[in-house]
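To keep things clear, I will list the structure first and then write my remarks on it.
The values are calculated or read from the model by the stated rules, or taken from the named source; none is laboratory data. Keep in mind that this is a model prediction, so the values were computed, not measured. Virtual Cβ from ideal backbone geometry, glycine too; neighbours counted across all protein chains shown. Side chains are part of the model used for accessible areas, which takes the heavy atoms of the whole protein and leaves out ligands, DNA and RNA. Shrake-Rupley method; radii C 1.70, N 1.55, O 1.52, S 1.80 Å.
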Amino acid sequence: MPVLMPEPKGTLLGQSTVYGDSYDPTLIQPIPRSLGRDAIGDHHFRGTDIWRLYELSWLAPNGLPQTAVGEIFVPASTHSIVESKSLKLYAGSFAMTTVASLEEVEKRMEEDLGARIGEGVRVKLSPAEKWAGNVTPLPGTCLETLPEAASHEFRAAEADALVLRLGADPAETGEKIWSTRIFRSLCPVTGQPDYAAVVVRIRGRGPAPMALLDYLVSYRRHRGFHEQCVEQIFHDLRAAFSPEMLEVYAAFTRRGGIDINPFRSTERDLPASILREIRQ
């Protein structure tokens, strides 16, 4: 059955906004994770949301602007996520603020975010001229390039786990990695489309490749935040197949100078390597 996430109330998304340039941590707007998890009916998730900020600047004590790329690691155990536009406004509020060092900006951001969304948030800033930012090839087999994808009939609707079916050989229980670049969902507030690459790593019982692609394609009209979409995929695969190990990792394209990369796993809190897809 489709699972619809309730629309969060009182967010800044889609509203006209004044972009301030003086440090203001009150701009950070938390959204309870329970909003999406209640809709799924599952609150048991392990992993991390990895946010990258490409538009972050402040002033050195002599007035010279400093520019950095920020990586924010938010444990799945925090009580809230950050509303993305509020994070953009918060990051922008450093623009005309004098800060002694990059480390001081990191410290402030960790404290501010931790105070509003929960403990364990980690911030890593890299000077723009030193940030490697290497694009990472998607691991595994790309589902939409499989020969059968060209003749398979897809019926995109609202996210529907009923299309999932077991692989042709249930005895084949080795590890498989599937990926796709054609994932799309909708913002639950504005209805704007969000695009992503998605990687599914599974060991044990798992779906037939075209059934998995069918399922991921069915999100094209689903309204949910990035984190909720990944958690619903993880929940549905876990419920359908009870695999020995499962990981779902999504790399969403950036909006407003921010990209969001939720990772959920049965085994660990961080992925073995940080993914950066070519469209990010």
Members of the range 154-174 found to be more than 11 Å from PHE241 (Cα to Cα), hydrophobic (A, V, I, L, M, F, W, C), outside any helix (DSSP H, G or I) and modelled with pLDDT of 80 or more, listed by number:
PHE154, ALA159
Tell me yes or no: at least one residue of the range 178-186 is modelled with pLDDT of 95 or more and open to solvent by 80 Å² or more (accessible area, probe 1.4 Å).
yes
I'm trying to understand the selection: among the residues of the range 118-134, which are open to solvent by less than 80 Å² (accessible area, probe 1.4 Å) and either modelled with pLDDT of 95 or more or on the phi < 0 side of the Ramachandran plot (or both)?
GLY118, GLY120, VAL121, VAL123, LEU125, SER126, PRO127, ALA128, TRP131, ALA132
Within the bounds of the range 102-117, is there any residue that is assigned to a loop (DSSP other than H, G, I, E, B) and either buried (at least 21 other Cβ atoms within 10 Å of the Cβ) or at negative phi (or both)?
no
All but one of (1) over 22 Å from ILE72 (Cβ atoms); (2) over 19 Å from the mean Cα position of the chain (by Cα) hold for PRO127, so report the exception by its number.
(1)
Being charged (D, E, K, R) and touching a Pro at 6+ places or on another chain (Cβ under 8 Å) is the filter here, so list the residues in the range 49-105 that pass it.
ASP49, GLU83
Of (1) open to solvent by 10 Å² or more (accessible area, probe 1.4 Å); (2) at pLDDT 95 or above; (3) under 24 Å from GLY118 (Cβ atoms); (4) in contact with a Leu (Cβ under 8 Å, 6 or more places away or on another chain), LEU56 satisfies all except one. Which?
(1)
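Residues that are touching a residue at least 60 places away in the same chain (Cβ under 8 Å), in contact with a helix residue (DSSP H, G or I) (Cβ under 6 Å, 6 or more places away or on another chain) and buried (at least 23 other Cβ atoms within 10 Å of the Cβ): find the strands (runs of 3 or more DSSP E) completely inside the range 188-280 holding 1 or more of those.
Counting at least 1 such residues, we get 245-252, 258-265.
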Output yes when any residue across the range 66-88 is part of a helix (DSSP H, G or I), open to solvent by 10 Å² or more (accessible area, probe 1.4 Å) and aliphatic (A, V, I, L, M), and no when none is.
no
Would it be correct to say that VAL163 is in contact (Cβ under 8 Å) with a residue 24 or more places away in the chain and open to solvent by less than 20 Å² (accessible area, probe 1.4 Å)?
no
Name, by its number, the condition in (1) of a type in the set (A, V, I, L, M); (2) farther than 27 Å from SER34 by Cα; (3) surrounded by 15 or more Cβ atoms within 10 Å (Cβ to Cβ); (4) touching a Lys or Arg at 6+ places or on another chain (Cβ under 9 Å) that does not hold for LEU143.
(4)
